[in-house]
Amino acid sequence: MQTAPYILGTVTAPPYGAITCDEGKAGMLQWTGTNFQACDGTTWTVFAGATAASANPFSFTNQTGVSFNKTIISNAVPLAGFSGQVFASCNTGCTGIYRNGSFIGMSGYFWPGDTIGIQLTSALTGLTATTATVTVGTTTSGVWTVTTGPAADACAGTPPAGTVCADGTIYVGVSPDGFTNRMYAAPCDIGMSWDGLFCTGGRANQSWNNGTTPDTILTGFNSVTTGRANTAGLAALNNASSPYQAAVACQNLTVVGHSDWYLPARDELIMVHAISQNGTANGFTTTNYWSSSETNAGSASHIQPSTGNVVADNKSYSRAIRCVRR
């Protein structure tokens with residue numbers, strides 16, 4: 001059996017000093033200052049039985065409210081419970097390891113008393129958790145959880161008309177009702193659903209009244225600027241032409257966390273139509289849309305998106321509905 005000289009003295013590891021382990025040095029031992037290593041003809045390895053390979057259990061402090069799609073670094077945690085050196089490697093979610101505050105890549109060796117930290121990439125969306133772990137020797141860390149903060153609201157401050165807000169509503173502008181009320185359109189028409197990106201499903205067109213023809217009842221709700229008052233009044237009526245379906249549909253709507261919707265008055269609907277021309281009123285179709293403004297006993301105002309014209313239409317006709325709130 002081949003014998004090799006013993007090298008006694010402290011060397012740096014890893015890599016294991018300037019001495020290369022090769023076939024001619026098979027069986028050679030060296031001292032790192034912490035443990036003995038043996039050359040097997042190819043690689044320096046820790047001398048069998050010289051170390052404990054299990055670190056004490058450890059974990060990192062969870063983080064919340066972090067930015068989207070960013071490299072997030074954990075706190076540094078001291079390692080103990082083993083002797084000699086142990087190997088550490090990233091698991092799923094981990095994108096790198098730090099030893100004593102310095103980045104060393106996806107894996108590396110640690111000694112008792114060293115600190116370890118890891119990194120991961122935060123989620124692309126708001127309030128979303130990302131996790132990672134690292135294994136040191138035979139010990140796997142606790143699950144480190146990093147959660148993004150809420151999405152920034154593009155409608156904060158004074159956004160331009162047509163801005164899509166964090167909750168999916170669309171900023172329309174200041175309502176023409178004589179107050180300084182910011183007005184928002186629902187993400188989709190009545191009957192459609194908002195999945196966070198798109199409007200899905202089919203429109204549930206409604207009559208302005210209950211669909212009866214002809215209508216000879218004058219409701220008196222004819223404001224062209226205050227759709228909220230029109231809607232509340234129409235929904236409360238109980239007569240031969242009620243329920244006033246278009247108004248009730250908006251009053252009963254709950255979507256993207258809001259339940260204070262109303263059928264826009266004529267001038268409010270004109271504002272909604274204006275932003276739809278920029279492609280920002282999701283799913284705004286070319287069909288006619290009801291306003292809450294009555295024109296006479298038999299008709300109410302609606303808008304033709306294809307032309308932008310506002311005309312009177314028979315209350316019994318079925319039209320699309322886009323609700324607003326403020």
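Figures for the structure shown
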{"read-out": "Normalised contact order of the stretch 142-222, rounded percent, pairs of Cα under 8 Å and 6 or more residues apart", "value": "14"}
{"read-out": "Förster radius 45 Å - calculated FRET efficiency between residue 76 and residue 274 (Cβ-Cβ, nearest 0.05)", "value": "0.20"}
{"read-out": "Top positive-direction residue, dipole computed over the chain with Cβ charges, set 116, 217, 249", "value": "217"}
{"read-out": "Carbon + sulfur, % of accessible area of the stretch 225-326 - ligands and nucleic acids excluded, 1.4 Å", "value": "46"}
{"read-out": "Cα-centre dipole for the chain with unit charges at Cβ (Lys and Arg positive, Asp and Glu negative), debye to 20", "value": "280"}
{"read-out": "Calculated FRET value between residue 153 and residue 217, using beta carbons and R₀ = 45 Å, to 0.05", "value": "0.60"}
{"read-out": "FRET efficiency, residue 100 to residue 68 (Cβ-Cβ, R0 25 Å, nearest 0.05)", "value": "0.25"}
{"read-out": "Net length gained if the chain between residue 129 and residue 287 were fully extended (0.36 nm per residue, minus Cα distance)", "value": "52.7 nm"}
{"read-out": "Chymotrypsin sites (Phe, Trp or Tyr not before Pro) lying in DSSP loop within the stretch 86-191, provided at most 11 other Cβ fall within 10 Å", "value": "179"}
{"read-out": "Cα pair distances of the stretch 168-326 binned at 10 Å [whole percent]", "value": "12, 46, 34, 7, 0"}
{"read-out": "Net charge dipole size for the stretch 103-219 [Lys, Arg +1 and Asp, Glu -1 on Cβ; Debye, nearest 20]", "value": "120"}
{"read-out": "Taking the stretch 195-326 and dividing mean pair separation by its residue count, relative contact order in percent (alpha carbons under 8 Å, at least six apart)", "value": "32"}
{"read-out": "Estimated inter-spin distance, residue 258 and residue 23, nm [label 7 Å along Cα→Cβ]", "value": "7.8"}
{"read-out": "Selected from 135, 296, 88, residue furthest toward positive end of dipole (the chain; charges at beta carbon)", "value": "296"}
{"read-out": "Relative contact order (%) - criterion: Cα under 8 Å, at least six apart; region: the chain", "value": "12"}
{"read-out": "For the chain: accessible area per residue (Å², 1.4 Å)", "value": "46"}
{"read-out": "For the chain, Kirkwood radius (reciprocal of mean inverse C-alpha pair distance, Å)", "value": "25.0"}
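The values are calculated or read from the model by the stated rules, or taken from the named source; none is laboratory data. Remember, predicted model here, so these are calculated numbers, not experimental data. Don't worry about glycine lacking a Cβ; one is built from the backbone with ideal geometry, like all the others, and counts go over all protein chains shown. With ligands, DNA and RNA removed, areas are computed over all heavy atoms of the protein, side chains included. Shrake-Rupley method; radii C 1.70, N 1.55, O 1.52, S 1.80 Å.
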